[in-house]
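Novice: Have a look at this one before I ask anything.
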Amino acid sequence: MTDPMTDSITAPTFVLGPDFKGFPPAAPACALADIGGQGWNVLADDLPFPLAVLKRSALEHNVAWMQDFAQRKGILLAPHGKTTMSPELFAAQMVAGAWGLTFATVFQVRVGVAAGARRIIIANQVVCDADLDGLDALLTQTEGLRVWFLVDSLAQVTLIEDWVRRRASTRMFDVLLEMGIPGKRTGCRTLEQALEVAQAVAHSASLQLGGVECYEGNAANCDSEHDAREVTALVRRVMDLALACDSLRLWAAQEDHILISAGGSAVFDLVVPLLRMQGLALPLRGVLRSGCYVTHDHLNYRRYLHNVELREGLDASLRPALTVWAMVQSVPEPGLALLTCGRRDISSDIDLPTPVRVARKGLRTADEVPAGWSIEALNDQHAYLHFDAAGAAGPQVGDRVELGISHPCTTFDKWRWMPLVEDDGRVCGAIHTCF
């Protein structure tokens, strides 16, 4: 792998300055591509706290690891871009060999196209006139662009055909038929319903069926036996659907392959049999859409990945790359410290953050936090760090605490940029986000 994290893909014209959270308030504005040359170090307090950072070594490991996993399994990778919404990280994933990118909205697709993606899956239904207008414009303006979005109802098919009539358009949209899970997210609930939608698409002058799709994450609860059983049941339903569509010859006439796609970041190994299924008339392209793997985390996905490692017989897999540094701003009573980090800076939708390292005031080295340190609550701008007041040296005002996260998606969307750091805290580059 080249070194896209630090130079070759960084947006040269994107300028940072003191109006960006996490940028040094007294520093002059600086192009994103020049951040690595400023000589800053997180542990030297050169940047303000709180500060979300990306560890370069872990990022590069994760990008390479997942690409290798896909290649070993004989499947393709279209990472879900909604996780980071970072053109620099999109480019790094494509440089490493990603077949395409995945997004959830047409707005997000525009960012991916600008980053160079030409094969995109919208893992969501497109239903709004403005979004159909935008997608049509992108397809018209961008040579070589293919975009597939999901369909799961006759009502959606009718809505799109109505848009085509009202716009007097000749656009043919590429779609994937989604199979869902009762009580969960989008997708057809039964084989009969799905075939009815597939036949409507096959007879439509506005849509062409390129394959089938599912999202397996809703079937998992981090119990390996349960997850394997429930995801396998979904996989079999999607296989049955693909075979039925194949026997009825419902695929788009001009296609020379069929797309079958699945993907979350928790139990991605369990859908591999679907993405390599046999028995279809046309060659198969199995596309995995995992997104959070690029940074992984310290809590939610780490729990799931432990099960993946056991099922795959791996000693290790992904590494946490995204953390948020905060400073101890007050120790108002024994056993309680307040940190300069809150809901506006760090995810809390699945788990509260967890302290992982502490850098004592004035030191440029960090050590694991003492046992028993925990974040018990967040306000908008504060984190409540509880510790054993009678135990090892407690946090002091001016100490820096590194917080691990759960669910990287909802940390990324709180930051317009993040520095890339070496293992010793040196800032070696940066990425920006487009939420």
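Any read-out appearing in this document is the output of simple, stated calculations on the displayed coordinates, not a laboratory observation. Here the structure is a predicted model, which means the values were calculated and not measured. Note: ideal-geometry Cβ built from the backbone for every residue, glycine included; neighbour counts use all protein chains shown.
Novice: Just how large is the dipole of segment 1-155 about the Cα centre, in debye to the nearest 20, putting +1 at every Lys and Arg Cβ and -1 at every Asp and Glu Cβ?
Specialist: Dipole about the Cα centre, nearest 20: 480 debye.
Novice: Of Ala33, Trp163, Met85, which is farthest on the positive side of the dipole of the chain, counting Cα position, with +1 on Lys and Arg Cβ, -1 on Asp and Glu Cβ, and the Cα centre as origin?
Specialist: Trp163
Novice: Another one. Treating only the Cβ atoms of Lys and Arg (+1) and Asp and Glu (-1) as charged, compute the dipole magnitude of the chain about its Cα centre; round to the nearest 20 debye.
Specialist: On the way: 38 positive and 51 negative charges, 103 e Å.
Dipole of the chain, to the nearest 20 debye: 500 debye.
Novice: Calculate, for Thr365 and Glu255, the FRET efficiency according to 1/(1 + (r/R0)^6) with r their C-beta to C-beta distance and R0 45 Å; round to the nearest 0.05.
Specialist: 0.20
Novice: Run through the DSSP bridge list for the chain and note the antiparallel percent, rounded to the nearest 5.
Specialist: Antiparallel bridges make up about 50 percent of those DSSP assigns within the chain.
Novice: Along the three principal axes, how long is segment 285-427 when you take its alpha carbons, biggest first, rounded to the nearest angstrom?
Specialist: So the three principal-axis extents are 58, 34, 29 Å.
Novice: Are there chymotrypsin sites (Phe, Trp or Tyr not before Pro) in segment 212-293 that DSSP puts in a loop and that have at most 12 other Cβ atoms within 10 Å, and which ones?
Specialist: On the way: sites: Tyr215, Trp251, Phe268, Tyr293; in loops: Tyr215, Trp251.
Taking segment 212-293 and a limit of 12 other Cβ atoms within 10 Å, no loop chymotrypsin sites (Phe, Trp or Tyr not before Pro) are found.
Novice: Take every Cα-Cα pair in the chain and report what % of them are more than 27 Å apart.
Specialist: Value for the chain: 55 percent of Cα pairs lie more than 27 Å apart.
Novice: Right, another one. Where does each of 132-141, 152-161, 170-179 land if you order them by average Cβ count within 10 Å, highest first? It would help to have the intermediate numbers written out before the result.
Specialist: On the way: 132-141: 15.6, 152-161: 17.4, 170-179: 21.1.
Result, highest mean Cβ count within 10 Å first: 170-179, 152-161, 132-141.
Novice: Asp380 to Leu336: extension gain in nm, 0.36 nm per residue of separation minus the Cα-Cα distance?
Specialist: 14.1 nm
Novice: Oh, and also: For the chain, build the charge dipole from Cβ charges (+1 Lys, Arg; -1 Asp, Glu) around the Cα centre, then report which of Leu234, Leu275, Leu314 sits farthest towards its positive end.
Specialist: Leu275
Novice: Charges only on Cβ, +1 for Lys and Arg, -1 for Asp and Glu: so what's the dipole of segment 192-272 about the Cα centre, in debye to the nearest 20?
Specialist: I would put it at about 220 debye.
Novice: Further, regarding this structure: Measure off 7 Å from each Cα along the Cα-to-Cβ vector at Ala392 and Thr142, then give the distance between these two points in nanometres to one decimal.
Specialist: That separation, rounded to one decimal, is 4.9 nm.
Novice: Treat each spin label as a single point 7 Å out from the Cα along the C-beta direction, and report the Asp246 to Phe20 distance in nm.
Specialist: Inter-label distance under the simple model: 4.8 nm.
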